[in-house]
Amino acid sequence: MLDVQLPLSSGYETALKNIGSFSNKGFELTVNSINIDNNDFKWRSDFTFSFNRNKVLDLGDKDEFYFDANVFPSKFNNEILIRVGQSTGIYYGYIEDQIINNQTEAANSPIQVGVGIPDINNNGQVKIYDVNGDGLINSYDKVPIANTNPNFIGGLNNEFTYKNFDFSFFLRFSYGNDVINGNIGNLDKGNINNWNILKSMSDNSYSAAYNPTGTFHGENTNGVYSSLFRSAYVEDGSFLKCDFITLGYTMPKSVVESLKANKFRLFARINNPFMLTRYSWFDPEVNSIGGTAGRVGGGVDLGSYPRNTTITLGLSLNF
């Protein structure tokens, strides 16, 4: 089911239709191994690895559809593309080519009025890459800038026992997926009213008097850069996560029998203890948008609450 666009003459913008077909092809590998098995010490591992490649085969009477990610509903539109012959999860936008730092760059930069930036190039403005080389930045310069599909995913579980002690942990990974960090748009409004701004942006913001070589834009006229979907919003979403670590101790047989039980075990468990990623926000494993856009695009972070780290202490008593 796709929420597809309708002709303006219909009086409606979209309608939900049961159209289209997709192909999913991939590979999955599972390896279960007993690495060490003796009287006092045992070590068991379980490893999974998989990848999937999807392709749009048919979209009814059209070859492509665009959808809005709604990160900034008033300006962001047609970022998500599904096209026959391509995969889902493709985002279209503009390539940010740093900023204009001097008058020579200003004079040789393309006219950007086509995307809402003032028609006079000034120092400190974001510079958009002119893809087709016509000297004008407009919708024809939008290109694929993100793919939210991972190249591969997997996990590794390890279980160790030494006499009455047991120890286990589970690692999970994803590689090659992009994340759309929509949080940036609410925090890059330099010199606009009372908006907050990230320290990393403020420290590198262009200023003719204080930081003429700044790599981040200066005054954000009417917040236009916040609503311009560009490569600055795209980040590497690859990660390695530890989902849990567990340490346990099983009481000796004499203690268990004195309680007239079959098993008595004490344990401590920590969930979500750590994560390794280059993503600058809380968690790259996120999708803040719903509907058709969320199904065919995904990977948008917009105010998502971070996962908790929890510690559990407990006992297991079996009779």
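The values are calculated or read from the model by the stated rules, or taken from the named source; none is laboratory data. Keep in mind the model is a prediction, meaning the values are calculated, not measured. Neighbour counts are summed over all protein chains in view; Cβ atoms, including those assigned to glycine, are modelled from backbone coordinates with ideal geometry. These area figures cover heavy atoms from the full protein model, side chains too; ligands, DNA and RNA do not enter into them. Shrake-Rupley method; radii C 1.70, N 1.55, O 1.52, S 1.80 Å.
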(request) Enter the per residue convex hull volume of region 14-106, computed from alpha-carbon coordinates, in Å³ rounded to the nearest integer. (result) 276
(request) Rank Gly291, Gly133, Gly116 by mean-square fluctuation in a GNM of the chain with C-alpha springs under 10 angstrom and give only the top-ranked residue. (result) Gly133
(request) Just check region 169-319 against the gyration tensor rule for me: Cα atoms, a ≥ b ≥ c as the square roots of the eigenvalues, rounded for a/c under 1.5, and otherwise prolate or oblate depending on whether a/b exceeds b/c. (result) prolate
(message) If you build the convex hull over the alpha carbons only and average its shadow over all orientations, what do you get for region 92-149? Give it in nm² to one decimal.
(response) 4.0
(request) Under a 10 Å cutoff between Cα atoms, tell me which one of Lys62, Lys163, Lys260 has the largest fluctuation in the Gaussian network model of the chain. (result) Lys260
(message) What does the net charge come to around Lys42 if you take all other residues with beta carbon closer than 11 Å to its beta carbon, with K and R at +1 and D and E at -1?
(response) -2
(message) From the C-alpha coordinates alone, can you work out the Kirkwood hydrodynamic radius of region 110-200, in Å?
(response) 18.3
(request) Treat each spin label as a single point 7 Å out from the Cα along the C-beta direction, and report the Phe267 to Ile120 distance in nm. (result) 6.9
(request) Let me have the 222 nm mean residue ellipticity of the chain computed from DSSP H runs of 4+ only, each contributing -39500 (n - 2.57), with the sum over all residues rounded to the nearest 500. (result) -1500 deg cm²/dmol
(request) State the percentage of accessible surface on the chain attributable to carbon and sulfur atoms; use a 1.4 Å probe and exclude ligands, DNA and RNA. (result) 53
(request) Can you give me the P(r) profile for the chain? Cα pairs, bins 20 angstrom wide beginning at 0, each as a whole percent. (result) 24, 44, 24, 8, 0
(message) With an 8 Å Cα cut-off and a minimum separation of 6 or more residues, compute the relative contact order for the chain in percent.
(response) 16
(request) Compare Asn211, Asn38, Asn287 in a GNM of the chain, Cα atoms joined below 10 Å, and give the one with the largest fluctuation. (result) Asn38
(request) Return the subset of Lys25/Lys241; Lys62/Lys142; Lys163/Lys253; Lys42/Lys241 for which the Cα-Cα distance in this structure is over 22 Å, preserving the input order. (result) Lys25/Lys241; Lys42/Lys241
(message) Please compute the contact order of region 84-174 in relative form: average sequence separation of alpha-carbon pairs under 8 Å and at least six residues apart, divided by the residue count, as a percent.
(response) 29
